[in-house]
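All remarks here apply to the structure that follows.
The values are calculated or read from the model by the stated rules, or taken from the named source; none is laboratory data. As the structure is a prediction and not an experimental result, all values here were calculated from the model. Glycine also receives a Cβ, built like all others from the backbone with ideal geometry; neighbour counts cover every protein chain displayed. With ligands, DNA and RNA removed, areas are computed over all heavy atoms of the protein, side chains included. Shrake-Rupley method; radii C 1.70, N 1.55, O 1.52, S 1.80 Å.
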Amino acid sequence: MKPTKLLAGIISASLLGGAASLGLSCLGAGIGPGLEVDPDVKRLSHCDPRDISFRNEQEGWLRTACDEWFRTADSGRSWREFNVREEMLVQERESRSGAAQPDESDDSSNGSLRLTDLLWVSSTEGLALVNDAPMAFRTEDGGRSWTRITLPVKNHFYSRLEAVGERLWLCNTEGWILRSDDAGRNWKELTGAPFDESDGCTTLSFVDASDGWAGGQSGALWHTEDGGETWKRMAATDDGPVTPEGSDSNSHYWRHLVRITPLLAWADTDNGRFRTTDGGKTWERLKPLMERVQELRPVVVRPGSRLPWVAHASGDARDASSFEPVMEVRFSLWGEQGVVTDDLEFFQAGAKVRQGLILSAGGSRRVTLQGIEQARNSSWGWADDLVFQNKDGETWFFTGRLPTPVVRLAALESGFLLARGATGELFRSNIRGEKWEKTENLLDVRDFAARVGEPVPPVFAPDCVLSARPASLTVRSGMTSCGGGMESTLTLELGEQGASAEVELDFIGRAPWEEPRKLQRPLARQQAEAAAQALIQAALRAEGPLNCAGTTKNFATLEWTCGVEGPRGGPLELRMPTCEEDELEPADLKALQKATVSGDASKAPGFYSRPVAVAKEAQRISKELLESP
């Protein structure tokens, strides 16, 4: 789990006007079967957005965690793939030679080019940094054409890009600092930089073209008054972020530094978050933003700032010290008062406008939805064998296709989908609705019937164990993780007059000479019925949001008999769904991540997993039996 995504979620959900669910709670309101949708609108990527940069309210670029680049011309409502090699390298060569001839001596022409940050110096001038070559690309016409800029260094990995007007600085953990005085056209290395390979630059911040601070890996903080030509080391203070000179400690590794005035600055280090109001003479330690959600007001865009800000609820809006910069999360300013988060959440003047996705522009075709299913944070629709989703209250997009026309679709609380086809067969999909597979799982049949309001045949679940005599219930359950795991088998036999239990506890990966623990003992009928009821209820309760955190996986299988000639059921396999974080709905992911940070993902709102619950219940019952006299 990425801390930046956790903080982005908390900030957007709690700080931005409490509007994180805007447009989602009323999805489907006023619409229904008969709505026309575009089947050519599709999701282009499921990878997390990493770098987002809008040059104005309409045009923007983004890079995903998979190093995909996309470009929008309609405020992020639709995107197209932005091919770096075709749209930058070829254009750059054409501008030099008049023909798009590949340069065989250029490593970047062989597919190794990887862009990282894209900074807009103005609405037309932008600079795109390259992470695997000592170069950058520059545009003066809003991204229609690009010119390659060679950087005067050998090591090309960088830490931070800072800009004040047309003066830019670029620093690197190998120790160098570069500066451009003409918006990135030309660069020079500042020979007076105070860093080296053992103590590289990790962040810098300037209040004007001359006055700046720079922090490094050792925790030292440096000050320049001539744009970076010369530097002076700043003094350390008690319990501040600056490491004293001569100290071997690097516990205050600088991650982010934001200066607003010569006196007012904020710092984010490995040792905490700090603020100074006297130019670094003293520092105040602050709690992390996520711990101060209730104390803060919506994010705003301060004039001249490249960062969004949060405002202290008790502060004076006219006082700069009443605001605090959001440093830990990647944002892009969007127009005059807009902000776009790295979850593609769009906010305008502190209120959420929509939840964006990386969608294609679509085409001219239209199909008519034959039904709509409301989920917790989105809506699903179908037209013949096509399935569509709507996550922002505005745009429907195609997700997947079934092998038969859909008669009814059910969205489970877990996020997974079930659909009945025209053939009467049941199909199951992941929470994206992309791949559909036929299912005969008894719980899928039960869940579908419960969701759409149909009667549930008792043969599809072990309910009969609670009424038939004789009856038996066998539960095999356990957990696996990176370090091994355990497995237990609990069998309950319920007769006309009495009952018994058999327990076997085994450890996955145990030594050959170790024996599993076994126990067989009689039970009072009431005790056995209570145990069976607890296990069955745990197995049949509807699941909640998925748990994508951690490596521990629980499993459980139930088998049962009901009566001498009654049904023999099972095996009923309780699957522990696996998923990636980017498969979750944004609201569910934030809740899960917040609970994971607290140490227990099962405390996330609405979380419930059948195999986890059955395994815990079986473990509790087995432990009581093994420990009782």
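Taking the Cα atoms of segment 399-550 alone, what are Rg (to one decimal) and Dmax (as a whole number) in Å?
So, for segment 399-550, Rg and Dmax equal 19.5, 56 Å respectively.
Determine, from the Cβ-Cβ distance of Ser123 and Glu189 and an R0 of 35 Å, the FRET efficiency 1/(1 + (r/R0)^6), rounded to the nearest 0.05. Walk me through the numbers before you get to the answer.
Working: r = 29 Å, r/R0 = 0.84.
Once the sixth-power term is evaluated, E becomes 0.75.
Step through the table entries Lys287/Lys616; Lys287/Lys391; Lys352/Lys391; Lys352/Lys435; Lys553/Lys623, compare each Cα-Cα distance with 25 Å, and write down the pairs that go over it. Please list the in-between numbers first.
Details: Lys287/Lys616 36 Å; Lys287/Lys391 34 Å; Lys352/Lys391 14 Å; Lys352/Lys435 31 Å; Lys553/Lys623 20 Å.
Pairs exceeding the cut-off: Lys287/Lys616; Lys287/Lys391; Lys352/Lys435.
Could you name the aspartates and glutamates whose alpha carbon sits less than 16 Å from that of Lys154, not counting residues in the same chain fewer than 8 places away?
Asp106, Asp107, Asp132, Glu174, Glu189, Asp196, Glu197
Expressed in whole Å with the largest first, what are the equivalent ellipsoid semi-axes of segment 343-384 derived from the C-alpha gyration tensor as the square root of 5 times each eigenvalue? Write down the numbers at each step before the final one.
Working: eigenvalues 137, 52, 14 Å².
In descending order the semi-axes read 26, 16, 8 Å.
Given R₀ = 22 Å, FRET efficiency for Asp506-Glu559 by Cβ-Cβ distance, to 0.05? Display every interim value, and only then the final one.
Numbers: r = 18 Å, r/R0 = 0.80.
It comes out at approximately 0.80.
Could you compute the FRET efficiency for Thr237 and Ser210, with r as their C-beta to C-beta distance and R0 at 22 Å, rounded to 0.05?
Working: r = 24 Å, r/R0 = 1.10.
It comes out at approximately 0.35.
Evaluate the distance, in nm, between pseudo-label points positioned 7 Å from the Cα of Glu225 and of Ala65 along their respective Cα→Cβ axes.
According to this spin-label approximation, the distance is 4.6 nm.
Label points 7 Å out from Cα along the Cβ direction at Asp270 and Ser481: separation in nm?
Each label point lies 7 Å from its Cα, and together they span 2.6 nm.
Counting heavy atoms of the protein chains only and a 1.4 Å probe, report the per residue accessible area for segment 180-277 as a whole number of Å². Numbers along the way, then the final one.
Numbers: 4180 Å² over 98 residues.
On a per-residue basis, 43 Å².
Evaluate the relative contact order of segment 401-533 (contact order divided by residue number), counting alpha-carbon pairs under 8 angstrom at least 6 apart; express in whole percent. Let's see the in-between values first.
Details: 226 pairs, mean separation 17.7, N = 133.
Answer for segment 401-533 is 13 percent.
I'd like the trypsin sites (Lys or Arg not before Pro) in segment 155-217 restricted to DSSP loop residues with at most 16 other Cβ atoms within 10 Å, sorted by number.
Values: sites: Arg160, Arg167, Arg179, Arg185, Lys188; in loops: Arg185.
Qualifying residues, ordered by number: Arg185.
Quick check: at a probe of 1.4 Å, how many percent of the accessible area of segment 151-218 sits on carbon and sulfur atoms?
Reported share for carbon and sulfur atoms: 43 percent.
Below 8 Å between Cα atoms, with a sequence gap of 6+, how large is the relative contact order for segment 344-447 in percent? It would help to have the intermediate numbers written out before the result.
Working: 187 pairs, mean separation 15.8, N = 104.
Relative contact order of segment 344-447: 15 percent.
Return the distance in nm (one decimal) between the two label points of a simple spin-label model at Arg521 and Glu36, each offset 7 Å from Cα along Cα→Cβ.
Spacing of the two 7 Å Cα→Cβ label points: 7.2 nm.
Multiplying the sequence separation of Arg80 and Arg114 by 0.36 nm and subtracting their Cα-Cα distance, what value in nm do you get?
Values: separation 34, 0.36 × 34 = 12.24 nm, distance 1.80 nm.
Contour length minus Cα-Cα distance gives 10.4 nm.
Would you work out the relative contact order for segment 357-400, in percent, from Cα pairs under 8 angstrom that are 6 or more residues apart? Numbers along the way, then the final one.
On the way: 55 pairs, mean separation 10.9, N = 44.
Once normalised by length, the contact order is 25 percent.
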